[in-house]
Every structure is written in structure tokens, then in C-alpha cells.
1. Would it be correct to say that B:LEU103 is more than 8 Å from chain A (Cβ to nearest Cβ), modelled with pLDDT under 85, farther than 30 Å from B:ARG142 by Cβ and in a helix (DSSP H, G or I)?
2. Restricting to the stretch A:171-187, name every residue that is basic (Lys, Arg) and more than 18 Å from B:ALA48 (Cβ to Cβ).
3. Looking only at strands (runs of 3 or more DSSP E) that fall completely inside the stretch B:209-294, which ones have 3 or more residues that are in contact (Cβ under 8 Å) with a residue 12 or more places away in the chain and within 26 Å of B:LEU131 (Cα to Cα)?
4. Identify, from the list B:LEU55, B:LEU75, B:LEU122, the residue that is within 30 Å of B:ALA162 (Cβ to Cβ), modelled with pLDDT of 70 or more and hydrophobic (A, V, I, L, M, F, W, C).
5. Which condition breaks for B:THR210 when tested against (1) buried (at least 20 other Cβ atoms within 10 Å of the Cβ); (2) in contact with a Gly (Cβ under 7 Å, 6 or more places away or on another chain)?
6. So for the stretch B:2-17 (the condition being facing chain A (nearest Cβ under 9 Å), more than 20 Å from A:ARG166 (Cα to Cα), of a type outside the set (D, E, K, R) and touching a residue at least 40 places away in the same chain (Cβ under 8 Å)), does at least one residue qualify?
7. Would you be able to tell me the number of residues in the stretch A:134-165 that are at the interface with chain B (Cβ under 9 Å from one of its Cβ atoms), out of contact with any Phe, Trp or Tyr (no Cβ under 7 Å at 6 or more places or on another chain) and in a helix (DSSP H, G or I)?
Amino acid sequence: MARAKLRVVSSRPSAADGGTRAFVEELYSSYRGALCSYVARMLPGGQQDVEVILQETYVRLLRQEDLQPLRENPRAYIFTVATNLVRDSLRRHMRRRGDYHHRFEEQEHASPEPSPQGCAEWQQSLQRLKASLQGLKPVTRKIFLLSRYEEMSYPEIASALSISTRSVERHMSSALKHLQRELDDIL
Amino acid sequence: MKRAEVIDESIRAAAADWFARQRSGAMSARECEALEHWLQEDARHQLAFAQCRQLWLMTDMLADDPELSGELEALRKQARRTPRWRALVQIAAVFLVAVAAMLVQRHFSVDYYQTGIGGQQLVHLDDGSTLMLNTGSRVGVRYTGAQRSIYLERGEAFFMVAKNPQRPFVVHAAGSEVRALGTAFNVALRSGDIRVAVTQGLVEVNAEDTAGKRRSLAKLHPGQGLRYVAGDPPAEAEVSAVNLEKVTAWQASKIYFDNERLENAIAEYNRYTTRKMVLVGDTLAGERISGVFNIGDADALAFALEESFGARIDKGDRRILILPGRD
């Protein structure tokens, strides 16, 4: 095939001007402490990973074209950016873990898989998450576990438990609300 | 600052409801839009929703937990177990359904054709019409004496219809009907959007509105197209001129970008391949790309990205990473 010619139209915003930079800088530094412990609790991998997320959060803030949402609700905005980055990082982490697991089996090593190394905060968060899951009402817990770990669809769960798909959804939602409440200080 | 001041209980609750709804995998196009709208409304909504996703991901880290696995083991047995009398009733029901289905099939036989990701298929129908299925698509075909009915369940198809005024050719897609006499036209159903484009003849588009009432949206002539949200068509349909070369490019296994945002172009490219391209970071997401590429020719596209945007390409067996260049 003929290499297609590309017409390149850059729409990258120009580098933040001085005023913006100062504004973002000030916001960022006022939330940095809170953000740091927030990220540490949501992410395995310790301080190094936390620093990476904080750096990237800062860079993203600087790159914002429209500062209005940031002005209106700085905390929510900054934490959303960080949460999304944490999510991506956690996904990568799980993929790595999956790959590792795979290679491991291929090589038929006998020793057990080492527990994921992570910072103390993260381990603590996981333990609390587990406790919260165990604190769910039995039906709700059942539904959550089937959905999460058996990867059963709502209709599948509904027919297995002889309830409606709608109530499966309601139980899933109340499970999440329970987790939100129990882990309030982590979130 | 106390967190509760930022995200109150009601926002959290709404986020949990939305998340549970999204997990159902059964959201309508309108609900998807409503969710998008809710998220855009307020940064706090976005945060609460992001936190739900984060909680969900974190629970995955507990998948190997012995206590939870033990509980799950018990659940698994319970969920699969059915009392004997119910099993008997079920067998009887299945039998009845099978008999009924056989009877019904004589009248309403539906043949299904589908393609996987990257696949395309040409189907010759009994009446001399042909349909070409694009990637990841599925159609049902039901011919009766009075009508030729096609059900586009997902994806995109191009139809060349053999003329027969006594037996209209009707494509059904998410509550819409595209009616044709002797024509050639394209129908695509993508994330709740319906797109119709006509290359030959005349096509009539009927759509269900939010109240479930069906009405005529437009009559399309060659070179004209229509795009709207399935189940929520506009009051005044806006017929636009379409680039036929672009609409039909996929039939020649080509993909066509016209000043497309790079992230959209990559998403489009990925529809045709299992070896997905992944745009890392959003530095390049908003760049614009134009050009024609062969479907599945990742090397050409990667090369173009390298040349034009200075992107760094990291090719793996399962995915190709596109990283912004080092400045």
C-alpha cells in the first residue's frame, strides 16, 4: 500500500502561561499532602509509585485548557485526575501480576507465588476492604461475589437466585454504597 | 478539609447506582448519554464515579483471598443446584419450547450471519440481494412471502437489494426501520448511534422515538445520509451529504480518516483487529489525522504516526503502544 500522507493539525494547547502555572502550582501544593496519603492507600507499590502519580497529576493539571472546573471545585477535580491515574496504574499492576503468574506456571516452579509487595497503607486498605465485603448482608454479599469473582452477568445471577435482574442491580448498588461508607476515610 | 464536605452522601449514592447500572451491560443509548451528562455536570460526580471504579478494581486484588474463595466455592454449588421437581418442570418446559420453536420456525425462520473482530463477510441472499458484513457485526435474515426483513443487531452492513416492489426489503436496527426498493445502502449501528447512507436508489428511514412511536424520519437519495441516536431520533431529521468513498471504504478493506481526532481514529482502527493500538497518555489524543489505510496494516499506521507526530512505537504481540515522543 502507498504510505498515506497525513495532514497534521496540531491542537495541543500552548504551554501554560505564567498566571496559569502559578494558579495550578498553588492549588497543587495546598492539596499535595492529602493527595499523597490518598494515593498511597489506593495503590500498591509504595512511595515510588505515589510520586509518579503525583507528578503526572501535576502535569495534567498544567495541561488543562479550561480551568473553569478546576476553579469551581479544585479538590474534586484534582482528586478525580489522581483517581483515574491510580486506576490506570492499578490495571497495569494487575496485568503485570497476570503475566507473571502465567510465566510462573509455564516454568513449573514449585514455590508459591509471592504476595504482592506493597506499602503498608495499601495492605491495610485491602484488609479493610475485605472486612467491609464480609460485613455485607448475606444476600448482597452473595450477589457481589458472584458478579465480581464468578463474572456472572446480572441475568445469570438473577436466575440462579430466582430474583429479578433489577434487584441484582439494586444489591450491587447497595454493596457499593456500603463499601463507600466503610472506606470513607480512604476515598 | 473533611472529605464529606466535598462529596456528600447523595452524590456517592448516585454514583453507586450509576456504576451498578453500567455493570449490568444493559444500558440503553439514552442512559449512556444521561450518565455522560451527569458526569460532565460536576467534578464531584466524576470523582465519586471514579472512586466506584477504583473500589471495584481493588476488590479484584482480593480474588485470591482464601476466605473469600472458600465462600465462593459454597456459593457456586448453591447457585448451580436446582431442586429435582424443578428440574423436571424445566425439562418439560424445554421440551415444549422446542416443539413450539420447531413449529414457529417453519413460519419465521431467521438465519444469522456474523463476523468477529477484523472479519468481513459477503452473503448472497435467496432473492439475489447481497449483503456485506463489516467487522464485529451480526444480522438476522428473515424472508417471508410479503417482506424481506433484516435485523442488524450490531455493527455495520452494506446492502445491494434486488428489486421487488411486492416484497419490500426492510432493515431493522435498534427500533429503526430502513426501507428500500431496488437500492444499495449502508447501515451502521455503533454505540447507540444509527448511521444510514445511500449509494443508489431511494431509501426511507423510520424510527421509534422515546415514546416508542414509529414515524418516518426521512427519504434519502444517493449521496445522502442520516445519523441519529437509536430510540431518540431528532424531531426534524437532518439529511446531510455523505462522502460515499468514506462510507464504502471498508468494503475494500480500507479505513478512511478525514481530519479525525487521533484517539477516535485509533478506536476506529481497533475495531478491525485483535492486536489493539493503545494510545499512552493523552498528549497525542487531540492531534488530527487524515489518510487512507489498509485494515489490519498496523505497520503503515504506526509508521505514519512516527513520521507525523514523532510518536514512539512499542510493538508487542498483543498490543501496539503509541507513546508521545520525547521533546
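1. No.
2. Matches in the stretch A:171-187: none.
3. Values: elements: B:214-220, B:224-229, B:254-261, B:276-279, B:288-294.
Passing ranges, in order: B:214-220, B:224-229, B:254-261, B:288-294.
4. When all the criteria are applied, what remains is B:LEU122.
5. Going through (1) buried (at least 20 other Cβ atoms within 10 Å of the Cβ); (2) in contact with a Gly (Cβ under 7 Å, 6 or more places away or on another chain) one by one, B:THR210 breaks only (1).
6. yes
7. Step one: of the stretch A:134-165, the residues at the interface with chain B (Cβ under 9 Å from one of its Cβ atoms) are A:134, A:141-142, A:144-150, A:152-157, A:160-161, A:165.
Filter once more, so that each one left must be out of contact with any Phe, Trp or Tyr (no Cβ under 7 Å at 6 or more places or on another chain): A:134, A:141-142, A:144-150, A:152-157, A:160-161.
Next, only the ones that are in a helix (DSSP H, G or I) stay: A:134, A:141-142, A:144-149, A:154-157, A:160-161.
Number satisfying all stated conditions: 15.
Residues are listed down the side, and each one gets a yes or a no for (1) surrounded by 15 or more Cβ atoms within 10 Å (Cβ to Cβ); (2) in contact with a strand residue (DSSP E or B) (Cβ under 9 Å, 6 or more places away or on another chain); (3) outside the structural domain of B:ARG271 (by TED's automatic domain parsing):
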site: B:ALA173; (1), (2), (3): yes, yes, yes
site: B:ALA180; (1), (2), (3): yes, yes, yes
site: B:ILE194; (1), (2), (3): yes, yes, yes
site: B:THR199; (1), (2), (3): yes, yes, yes
site: B:ASN206; (1), (2), (3): yes, yes, yes
site: B:ARG214; (1), (2), (3): no, yes, yes
site: B:HIS221; (1), (2), (3): no, yes, yes
site: B:VAL229; (1), (2), (3): yes, yes, yes
site: B:ALA235; (1), (2), (3): no, no, yes
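The values are calculated or read from the model by the stated rules, or taken from the named source; none is laboratory data. Keep in mind that what you see is a predicted model, and the values were worked out from it rather than measured. All Cβ positions, even for glycine, are placed from backbone atoms using ideal geometry, and neighbour counts span all protein chains on display.
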